[in-house]
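Taking it in order: structure first as structure tokens, then the write-up.
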Amino acid sequence: MINNWFGVHDGLLAAVRIQTVARARERISASELLILFLCGGASACGTGFIRLGLRIPGNAILLAVLPMALGLGFAPRRFAGFVMSAGAFGTATALALAGLCHFGSGSFISLCLAGPMMDLALAGARSGWRLYLGMVAAGISTNLIALTSRSVSKLLGLDLAGMRPFGTWWLQAASTYTLCGAIAGLIGALCCFHLRDRRQRGQEHRQTAGLGDSTTNPGERP
């Protein structure tokens, strides 16, 4: 019953740029589940340990989305994002409890919601450009929710790491959170998915081959 939830996403499978381990019309395998959990864990580790030094609010989503986009490429399954976010949540919680790193409210929300937002945005995608648009929409939506969470923390005085007053921070964050979310989704799509699916690329290849076959030498009869 549960295996039926994780059917292959035909649109993702047709547009995937990397070597996938999923097989159409087959149930999700243990190796696929492991890959998805590992990609979620990689998102948490990247967000917790790596600092990009961009000094703009909302850039943490770049580290959260890219490993998850890679997971969708390796295992293009429906609800794969939920599995990766579960892995990210578990890893982030373990790291925080062990005192190895600290996750702000915004970055933690990004880890928990990036995967489900991808699943939701890509649910009906059937072609490359729709996948790109869905990935961008997922990144923006995730970061806007993270922005809301961070704003509430600041207003309640719970954001101890934030030194800037809410008024000046909000003016910049409203735009940079949106921009970073869009960039994260676009980079993830560019790394893992073709703009045109395999069927479109196959048609173009056949048309090119047909033109080549139809070319005759000047001295030959058509």
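The values are calculated or read from the model by the stated rules, or taken from the named source; none is laboratory data. None of these values were measured; they are calculated from a predicted model. Every residue, glycine as well, gets a Cβ built from its backbone with ideal geometry; the counts of neighbours run over all protein chains shown.
Return only the number of the condition from (1) under 15 Å from ALA80 (Cα atoms); (2) at pLDDT below 90 that GLU32 does not satisfy.
(2)
Only one residue in GLY128, GLY90 is surrounded by 15 or more Cβ atoms within 10 Å (Cβ to Cβ) and among the small types (Gly, Ala, Ser), so which one is that?
Only one candidate passes the filter, namely GLY128.
Could you pull out every one of the helices (runs of 4 or more DSSP H) wholly within segment 128-214 that has 1 or more residues that are at pLDDT below 85, within 22 Å of ALA60 (Cα to Cα) and not acidic (Asp, Glu)? Steps first, please.
Values: elements: 128-155, 166-192, 198-214.
Passing ranges, in order: 128-155, 166-192.
Quick one: how many residues across segment 65-106 are assigned to a helix (DSSP H, G or I) and over 30 Å from ARG126 (Cα atoms)?
Narrowing segment 65-106 to residues assigned to a helix (DSSP H, G or I): 65-74, 80-97, 105-106.
Subset that is over 30 Å from ARG126 (Cα atoms): 90-97, 105-106.
Result for segment 65-106: 10.
Tell me, please, whether a residue that is within 18 Å of the chain's Cα centre (by Cα) and either acidic (Asp, Glu) or modelled with pLDDT of 90 or more (or both) can be found in segment 91-103.
Of all residues in segment 91-103, those within 18 Å of the chain's Cα centre (by Cα) come to 91-92.
Filter again for either acidic (Asp, Glu) or modelled with pLDDT of 90 or more (or both), leaving 91-92.
Yes, segment 91-103 contains at least one residue that is within 18 Å of the chain's Cα centre (by Cα) and either acidic (Asp, Glu) or modelled with pLDDT of 90 or more (or both).
Quick check on segment 43-62: of everything there that is more than 17 Å from the chain's Cα centre (by Cα) and without any contact (Cβ under 8 Å) to a residue 60 or more places away in the chain, which residue is nearest to ALA114 (Cα to Cα)? Working first, answer last.
Narrowing segment 43-62 to residues more than 17 Å from the chain's Cα centre (by Cα): 48-57.
Filter again for without any contact (Cβ under 8 Å) to a residue 60 or more places away in the chain, leaving 48-55.
Numbers: GLY48: 15, PHE49: 18, ILE50: 18, ARG51: 19, LEU52: 19, GLY53: 22, LEU54: 21, ARG55: 22 Å.
Checking each candidate, the answer is GLY48.
Residues that are in contact (Cβ under 8 Å) with a residue 60 or more places away in the chain, at negative phi and among the hydroxyl-bearing types (Ser, Thr, Tyr): does segment 112-135 have at least one?
Yes, segment 112-135 contains a residue that is in contact (Cβ under 8 Å) with a residue 60 or more places away in the chain, at negative phi and among the hydroxyl-bearing types (Ser, Thr, Tyr).
Output yes when any residue across segment 47-60 is part of a helix (DSSP H, G or I) and aliphatic (A, V, I, L, M), and no when none is. Give the steps one after another, and end with the answer.
The initial filter retains those residues of segment 47-60 that are part of a helix (DSSP H, G or I), namely 47-49.
Subsequent filtering for residues that are aliphatic (A, V, I, L, M) retains none.
There is no residue in segment 47-60 that is part of a helix (DSSP H, G or I) and aliphatic (A, V, I, L, M).
Any chance you could count how many residues in segment 42-72 are farther than 24 Å from TYR132 by Cα and buried (at least 20 other Cβ atoms within 10 Å of the Cβ)?
The qualifying residues number 1.
Please verify whether ARG78 is surrounded by fewer than 18 Cβ atoms within 10 Å (Cβ to Cβ) and not hydrophobic (A, V, I, L, M, F, W, C), treating the condition exactly as stated. Can you show your working first?
Details: surrounded by fewer than 18 Cβ atoms within 10 Å (Cβ to Cβ): no; not hydrophobic (A, V, I, L, M, F, W, C): yes.
The answer is no for ARG78.
Taking SER29 as meeting all but one of (1) surrounded by fewer than 18 Cβ atoms within 10 Å (Cβ to Cβ); (2) of a type in the set (Gly, Ala, Ser); (3) under 14 Å from the mean Cα position of the chain (by Cα), write down the number of the exception.
Result: SER29 passes all but (3).
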